[in-house]
Amino acid sequence: MNTIRLTAAQAMVRYLSVQYNADNVPFFGGCWAIFGHGNVAGIGEALHGIGDALPTWRAHNEQGMAHAAIAYAKASNRKRAMAVTTSIGPGATNMVTAAALAHVNRLPVLLIPGDVFANRAPDPVLQQIEDFGDATISVNDCFKPVSRYFDRISRPEHLLTALPRAMATLTDPADCGPVTLAFCQDVQAEAYDWPESFFAPKTWKPRRPRPDQDELAAAVEAIKQAKNPVIIAGGGVHYANACATLRDFAHKHGIGVGETQAGKSALPWDDDLNLGSIGVTGASSANAIAENADLIIAVGTRLQDFTTGSWALFKHPDRRILGLNIAAFDGSKHNALPLIGDAKVVLRELSEALGDHRFEQPDPALKRDWIAAVDAATATPTGNTLPTDAQVIGAVQRSLDEDSIVVCAAGGLPGELHKLWKTAKPNGYHVEYGYSCMGYEIAGGLGVKMARPEQEVVVMVGDGSYMMMNSELATSVMLGHKIITVILDNRGFGCINRLQMATGGESFNNLLDTARHVEPAAIDFTAHAASMGAIAEKVSSIDELEEAMTRARAATKSYAIVIDTDPLPSTEAGGHWWDVAVPEVSVRPSVNEARENYQTALKNQRPGD
Ligand SMILES: Cc1ncc(C[n+]2csc(CCOP(=O)(O)OP(=O)(O)O)c2C)c(N)n1
Ligand SMILES: [Mg+2]
């Protein structure tokens, strides 16, 4: 056996640089790194040595760079991913939230936090946590519940099994999620004689499992028995590259489609059978059909509460769920009839088996009325009151072309975008709503731009999310990956303030002006963004916003536009109840009243049914 002598870190980066996807493109678009003593000498030196074969990018926050990596994978429909390395201790734990985000969204990312010395010689090394009862624990154990595969590399040769296993997880459509390889800092630097064959280029072709024939037959039977079916399109439709197949399926069989946050843009917004968004932030058209549906054909969705209206949306007494999913875990939820396999392959086989079976198309008036409501909400306001989020969305949409991508994650905007954004093409809508993580937006926008450099990437972000994490705006400037950031300043956590009031609470500790501050807040977002190198301007009307968007589109570097917005209104059309528990006892009448309404609403909930 021919061997080659390398350190463990050198072997790892060399291995990563020769993994390819089915398009013969390197699977890893690069490696984000913030160095500390836990990775600079071992992994840092190795990354320097591998050069452009696995390019290294420097960022400003470990969570942020992991968000960028995850967004890159999502925007690539999981065909490509990135590695992310941190030091030990705080650098590592800064990345735990991002791991959870990738885990929830089933997105691939390779996380490589440094870990304490395997030989324990310097114990406790700087930043070692020291568990009092278990010497094998380091802070990296925090990654275990939020990783699809976790390993600790405490000997160089562990990589011989760990790296192929990592690749198998990252490229498996059903198991896909974050992989964490906690890499002991002394081991990174240890040499080993590696078999040369370990570094042979390898191609990972995603498998497309066909359905089990009994499950397929049962699904055909269920569809034939149904009278008013509806399709839910989830993120899995995109990851299976099944958007066109789903559209064909819907049209051939006359079934309307409601889109989840991750599924949105599966069908063009103006397709007759695209009924719009579904669920808590859903379109009236999709929700009306879903309420009466006797069969819910759930394609590639986790069926989270925003999709199911906390399991109160589907009201038909005999309704069934058909769970078409690559993962049995998701396809079997809530007593669904499972139909496990690749969405594209399964939809084709299902369609063939259904033959000419066709339903009466949903009433087109439902969609027409909904689009009229969207157009009303997003129209330029007359008068000079503060604009709503919806009006800002309208202006941003009007200033973009069909290839642009909107990016968002938390606050009031995701719900508004879900209802109102008109996506013409798949992947034009990138809202992280599995973890809905404040601080994903700007870093995520950077990752999207790295995956799709030819397309305009527009990040829409609230003041709260901007304040939580904005430092990768500077990274976008320095790396030359232009993003447009539209900052909606409503002086606080507007959506949580609305939720607080809707659950009977007093406006308290959400808006800047109802918090215990001794100095009124006056955050200058324009100056802040400009200080990081972005071109920045503030606008004071919807018309000015559209003009600024023209300048932003013409610019070649990252651009920030700030606009003051009204924290109170949100789009009333559409939507559905969402389960947020209201206190059972309170001295406040408004809470007691909200509790009564809550108890009434709970009667529609059908958990487990
Ligand atoms: C990391 C994180 N912390 C807390 C929350 C809960 N949360 C959801 S939205 C929100 C407020 C967001 O404020 P902003 O970005 O200004 O948007 P707005 O609600 O004003 O539209 C909070 C605190 C969250 N989603 N993520
Ligand atoms: Mg806000």
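Take Thr565 and tell me if it is of a type in the set (S, T, N, Q) and under 24 Å from the mean Cα position of the chain (by Cα). No; evaluated as a whole, the condition is false for this residue.
What about Ala244, is it surrounded by 15 or more Cβ atoms within 10 Å (Cβ to Cβ) and aliphatic (A, V, I, L, M)? So Ala244 fails the test.
From the list Ala312, Ala293, Ala353, the one residue that fits, being in the same structural domain as His238 (by the TED database) and under 30 Å from Pro206 (Cβ atoms), is Ala353.
The residues in the range 136-151 that are in contact with an Asp or Glu (Cβ under 9 Å, 6 or more places away or on another chain), in a loop (DSSP other than H, G, I, E, B) and more than 19 Å from Thr169 (Cα to Cα) can be counted, and the count is 2. Checking the stated criteria, Ile535 turns out not to satisfy the condition of being away from ligand 1 (no atom under 16 Å from the Cβ) and either under 24 Å from the mean Cα position of the chain (by Cα) or within 25 Å of Thr97 (Cα to Cα) (or both).
Each residue in the range 554-584 was checked for being out of contact with any strand residue (DSSP E or B) (no Cβ under 7 Å at 6 or more places or on another chain) and outside any loop (DSSP other than H, G, I, E, B), and 1 pass. Taken over the range 397-420, the criterion of being surrounded by fewer than 24 Cβ atoms within 10 Å (Cβ to Cβ), away from ligand 2 (no atom under 16 Å from the Cβ) and either part of a helix (DSSP H, G or I) or of a type outside the set (D, E, K, R) (or both) is satisfied by Gln397, Arg398, Ser399, Leu400, Ser404. Among the conditions (1) closer than 24 Å to Leu273 by Cα; (2) under 16 Å from the mean Cα position of the chain (by Cα); (3) within 15 Å of ligand 1 (Cβ to nearest atom), the only one that Tyr440 does not satisfy is (1).
In the range 196-249, what residues are small (Gly, Ala, Ser) and farther than 26 Å from Asn427 by Cβ? Within the range 196-249, Ser197, Ala200, Ala217, Ala218, Ala219, Ala222, Ala226 meet the criteria.
Matching residues to (1) touching a residue at least 12 places away in the same chain (Cβ under 8 Å); (2) over 30 Å from Ala99 (Cα atoms); (3) more than 16 Å from ligand 1 (Cβ to nearest atom):
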residue: Gln455; (1), (2), (3): yes, no, yes
residue: Asp463; (1), (2), (3): yes, no, no
residue: Met468; (1), (2), (3): yes, no, no
residue: Ala474; (1), (2), (3): yes, no, yes
residue: Thr485; (1), (2), (3): yes, no, no
residue: Ser507; (1), (2), (3): no, yes, no
residue: Pro520; (1), (2), (3): no, yes, yes
residue: Ile523; (1), (2), (3): yes, yes, no
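In the condition set (1) surrounded by 19 or more Cβ atoms within 10 Å (Cβ to Cβ); (2) free of Cβ contacts under 8 Å to residues at least 40 places away in the same chain, Gln188 is compliant with all but (2). Note on the range 36-74: among residues that are surrounded by fewer than 24 Cβ atoms within 10 Å (Cβ to Cβ) and either modelled with pLDDT under 95 or among the hydrophobic types (A, V, I, L, M, F, W, C) (or both), the one that is nearest to Pro178 (Cα to Cα) is Trp57. A count restricted to the range 222-251 and to residues that are among the hydroxyl-bearing types (Ser, Thr, Tyr) and in contact with a helix residue (DSSP H, G or I) (Cβ under 6 Å, 6 or more places away or on another chain) stands at 1. When Thr136 is tested against (1) within 28 Å of Ala200 (Cβ to Cβ); (2) surrounded by fewer than 18 Cβ atoms within 10 Å (Cβ to Cβ); (3) not acidic (Asp, Glu), exactly one condition is not met: (1). Selection of the range 299-347 for residues being β-branched (Val, Ile, Thr) and under 21 Å from Leu216 (Cβ atoms) yields Val299, Thr301, Ile321, Ile326, Ile340, Val345, Val346.
Screening the candidates Ser284, Ser265 for the property of being in contact with a Leu (Cβ under 9 Å, 6 or more places away or on another chain) and touching a residue at least 60 places away in the same chain (Cβ under 8 Å) yields one hit, Ser284.
Take the conditions touching a Lys or Arg at 6+ places or on another chain (Cβ under 8 Å), in contact (Cβ under 8 Å) with a residue 40 or more places away in the chain, over 19 Å from Gly464 (Cα atoms) and assigned to a helix (DSSP H, G or I) and apply them to Glu593. Does it pass? So Glu593 fails the test. The residues of the range 193-212 that are in a loop (DSSP other than H, G, I, E, B) and within 17 Å of Thr171 (Cα to Cα), listed by number, are Pro201, Lys205, Pro206, Arg207, Arg208, Pro209.
Here the strands (runs of 3 or more DSSP E) wholly within the range 429-523 that include at least 2 residues being away from ligand 2 (no atom under 14 Å from the Cβ), in the same structural domain as Val392 (by the TED database) and under 30 Å from Leu303 (Cβ atoms) are 429-431, 457-462. Taking the range 365-391 as the range and being buried (at least 20 other Cβ atoms within 10 Å of the Cβ), outside any helix (DSSP H, G or I) and not polar (S, T, N, Q) as the test, only Pro387 passes. Of all residue pairs spaced 6 or more apart or on separate chains, none has beta-carbon atoms under 7 Å together with a first member in the range 25-46 that is not assigned by the TED database to the domain that holds Gln63 and a second member that is part of a strand (DSSP E or B) and at pLDDT 95 or above.
The values are calculated or read from the model by the stated rules, or taken from the named source; none is laboratory data. Predicted model only: the values in this text are computed from it and were never measured. Here the Cβ is made from the backbone with ideal geometry for all residues, glycine too, and neighbour counts use every protein chain on show.
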